[in-house]
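What follows is a set of notes on a single structure, which appears directly below.
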Amino acid sequence: MQFVLICIYIVLTLSGLTLMKLGGNAGTIAIENGNMNFGISLISLFGLVCYLCSFLLFTRIVVMFNLNYIMPLTTGIVQVLTLVISKIVFKENFTWQAIIGASLVILGVLIMNWKK
């Protein structure tokens, strides 16, 4: 069950980031005639909801695991998958620094999980 929660967290986080970027709108705030208006695209709103749900889920995951284990593990996985999504979905270019950095993150996660 714990593994499933981590997978859901990662999917929600990546979905939130991707949808907010696809929506292309960070939101606008305006005050007109004493009323405050907030506007955001529908895609960005879905991304915000996914990201908020991932945060709420992560608060539960943090309680279930040692913090010095779960934080680097989930952060590393999210960072590497974000790099992959940026290439596939947004056609962003990889730099050598990004490839080396992602390799180091993957190596770090593997070392952390190495059984004695």
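Rule-based calculations on the coordinates, nothing more; no lab input. Fair warning: this is a prediction, and the values are worked out from it, not measured in the lab. Using ideal geometry, Cβ is built from the backbone for each residue, glycine included, and neighbour counts are taken over all protein chains shown.
Identify all residues within the range 3-27 that are surrounded by 10 or more Cβ atoms within 10 Å (Cβ to Cβ) and not aliphatic (A, V, I, L, M); write none if there are none. Within the range 3-27, Cys7, Tyr9, Thr13, Ser15, Gly16, Thr18, Lys21, Gly23, Asn25, Gly27 qualify.
For residues in the range 100-116 being small (Gly, Ala, Ser) and without any contact (Cβ under 8 Å) to a residue 12 or more places away in the chain, which is surrounded by the fewest Cβ atoms within 10 Å (Cβ to Cβ)?
Once the filter is applied, the top-ranked residue is Ser103.
Only one of the numbered conditions (1) in contact with a Leu (Cβ under 7 Å, 6 or more places away or on another chain); (2) of a type outside the set (A, V, I, L, M, F, W, C); (3) over 30 Å from Ile29 (Cβ atoms) is not met by Thr95, and that is (1). Here the range 100-116 is the region considered, the condition is being of a type outside the set (Val, Ile, Thr) and assigned to a helix (DSSP H, G or I), and the residue that is nearest to Leu22 (Cα to Cα) is Ala102.
One residue alone among Gln97, Gln79 is among the polar types (S, T, N, Q), surrounded by 12 or more Cβ atoms within 10 Å (Cβ to Cβ) and in a helix (DSSP H, G or I), and that residue is Gln79.
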